[in-house]
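**Q** First the structure, then my questions, so here it is.
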Amino acid sequence: MKKNNLSERDYPIRYALISVSDKTNIVEFALELHNRKIKILATSGTACLLAKSGIPVIEISNYTGFPEILDGRVKTLNTKIYTGILYRRGIDDKIIEHYKIFPIDILIVNFYPFKQTIMHQDCLLEEAIEKVDIGGPTMVCSAAKNYKFVSVIVNHKDYNDVLDELNTNNNYLSLNTRFKLAMKAFNYLAFDKIDIANYFNQLTSKLGNVKKHDDILPEKININLVKKQNMIYGENIHQNAALYTPELTNQEFSSNLLKVQGEKLSYNNFIDIDTAIECLEEFTEPTCVIIKHSNPCGVATANSISYAYKRAYISDTISAFGGVIALNRELDQSTIELIIKNQFVEIIAVPSVSDIALKIISKKKKIKLIVYPKFKKNPLLMDFKNVNNGEMLVQEHNYKKLDINKLSIVSKNQPNKQEIKDSIFCWKVSKFVKSNAIVCARNSATIGIGAGQMSRIDSVKIAYMKAKNAGLETENSVMASDAFFPFRDSIDIAAKMGVKCIIQPGGSIRDQEIIDAANEYNISMIFTEIRNFRH
């Protein structure tokens, strides 16, 4: 008997077992195996397809002497199959010979389309259950466990590479290749089980009826993350970073930003673009959002996208330098000409771009032009943050919208229609400003933004300073605060600015003091009862 430290080239591939739900390129691959004199076993569906294509194939039920039963639920669950896959060359030879078992050298398997099935809105639990694969995962796990002797392929994208190596090595696959294929197989197994677990985590059984679970934060969270691309670096040059795509849901939810021109996007670029696009989603009118260091520095709506950009830009021309400009309308000739005339910009993100605008921007090679898809919700509906001890903080994503009908006017002075409109505009912007957040605006355009300060009054002072530095009129403006005012000092400064309406959540133990200050200055005040902290 040989020792178990066998050479990786001791055994050529002689027997292949194929059982695939996704039959992409399987006929071509099987034909190549046959041309290399490799005998093929297959389950009925795959065997039928191969036979129709003129490829000799041994149907598994004929080999095992046991039919596929229970409407196809039992196909490969047979001792002869798993012994052939788990067979250790040089150790189990006598058993294989005694029971006349084919030694499976290569396994080609992919599973029932469970994920695709549950993505259908009308999918019933019974349909989902039937797409839970049993035999496939068991074979894949067995083959991956026995990678020293067995190669396992779970993705049709690996077919060509495997064939190339078989050609080079005369029907052998190296131990390194078998190990890499096993690694892919174990990940494929894990993703499949997580998809199933997540589906059941979203369901609750009640009197035989299956309903979606009310709790968006389940007891266990399983996430499949697949690397989509490497970043040039993270927040800082010494930090590595990459973009991962969640496989928790259908790929139609994937962000899929299309980079039309420019260098690779950095980690910080992605954060800024994401903030800009999510802010844009709050508005239906032509809107421009300019982001710098993940904070809006200028936001405006207007009748045209070029005018929206102009108004957003003038609210803080200094901070706009080198920022991210995002539009919710097509980038046209007049807008791109205005942007290039006004400022240096690193990134422009748009839903589409006109041919003339594209021709103009193509001459500015350093500008990264991004086309983003239709607005799509975060498929996980949750935000994650790693804390020092390796635990994860998880919260529901902030999709809370302001219900205009539930606003409370708590001041004696009543806001007019324009003040209410501007207050709602400010409130929408404040949602994307780092706390403590203060946003001032006039006529649906920001004039001053105070972000990320340790005290709210400092954010108010910064917003005022920004407006004065930009030469913008603060008289008859409105102000939004992402959280309640703890003291009246902020209201005193707002009065000096000429603010006529303030929108804030309320909820402070000093609310009455704040309201009294507003009344003292004839400032109208709106309570939202919604806090918009953003850390």
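Every number in this text was worked out from the coordinates using simple rules, so none of it is lab data. Since this is a predicted model, take the numbers as computed values, not measurements. FYI the Cβ positions are ideal-geometry reconstructions off the backbone, even for glycines, and counts take in every protein chain you see.
**Q** Give me D for region 49-101 in µm² s⁻¹, whole number, from Stokes-Einstein with Rh from the Kirkwood sum over alpha-carbon pairs, 20 °C and 1.002 mPa s.
**A** 168 µm²/s
**Q** Separate question: How high is the relative contact order of the chain, given as a whole-number percent (alpha carbon pairs under 8 Å, six or more residues apart)?
**A** Relative contact order of the chain: 8 percent.
**Q** Nearest 5 percent is fine: what portion of the DSSP beta bridges confined to region 15-201 is antiparallel?
**A** Expressed as a percentage, antiparallel bridges in region 15-201 total about 5.
**Q** What percentages make up the Cα-Cα pair-distance distribution of region 15-201 when the bins are 10 Å wide from 0?
**A** 9, 36, 38, 15, 3, 0
**Q** Enumerate the aspartates and glutamates that Lys157 could reach by cross-link, defined here as Cα to Cα under 17 Å, with residues fewer than 8 away along the same chain left out.
**A** Asp22, Glu28, Glu32, Glu165
**Q** If you count the DSSP beta bridges with both ends in the chain, what percent of them are antiparallel, to the nearest 5?
**A** Values: 39 of 68 bridges.
Around 55 percent antiparallel, to the nearest 5.
**Q** Separate question: Listing Val226, Val74 from the residue with the fewest other Cβ atoms within 10 Å to the one with the most, what is the order?
**A** Listed from fewest to most nearby Cβ atoms, that is Val226, Val74.
**Q** Once every DSSP H run of n ≥ 4 in the chain is given -39500 (n - 2.57) and the sum is divided by its residues, what mean residue ellipticity at 222 nm do you get, rounded to the nearest 500 deg cm²/dmol?
**A** -10500 deg cm²/dmol
**Q** Let me ask something else. Sorting Leu173, Leu124 on the 10 Å Cβ count, fewest up front, what's the list?
**A** Exposure proxy ranking, most exposed first: Leu124, Leu173.
**Q** If you take the C-alpha gyration tensor of region 315-452, multiply each eigenvalue by 5 and take the square root, what semi-axes do you get, largest first, in whole Å?
**A** Numbers: eigenvalues 193, 120, 50 Å².
Here the semi-axes work out to 31, 24, 16 Å.
**Q** Setting aside same-chain residues fewer than 8 positions from Lys148, which aspartates and glutamates have a Cα under 13 Å from its Cα?
**A** Glu8, Asp10, Asp105
**Q** In nm, to one decimal, how far is the modelled label at Glu391 from the one at Asn416, with both set 7 Å along Cα→Cβ?
**A** So the two model labels end up 5.3 nm from each other.
**Q** Pairs to check: Lys228/Lys466; Lys145/Lys385; Lys264/Lys359; Lys52/Lys193. Give those whose C-alpha atoms are more than 31 Å from each other in this structure.
**A** Check vs 31 Å cut-off fails for Lys228/Lys466; Lys145/Lys385; Lys52/Lys193.
**Q** Something else now. Return the inverse of the average 1/r over all pairs of distinct C-alpha atoms in the chain, which is the Kirkwood hydrodynamic radius, in Å to one decimal. Spell out each step's value before the answer.
**A** Numbers: mean 1/r = 0.0361 Å⁻¹.
Across the chain, the inverse of the average 1/r is 27.7 Å.
**Q** Using the alpha carbons of region 251-371, what is the convex hull volume per residue in cubic angstrom, as a whole number?
**A** Convex hull volume per residue, Cα atoms: 96 Å³.
**Q** Express the C-alpha Rg of region 404-527 as a ratio against the empirical globular expectation 2.2 N^0.38 Å, rounded to two decimals.
**A** Cα-based Rg divided by the globular estimate yields 0.91.
**Q** Using a 10 Å cut-off around each Cβ, can you sort Tyr309, Tyr11 from fewest to most neighbouring Cβ atoms?
**A** So the residues, fewest neighbours to most, are Tyr11, Tyr309.
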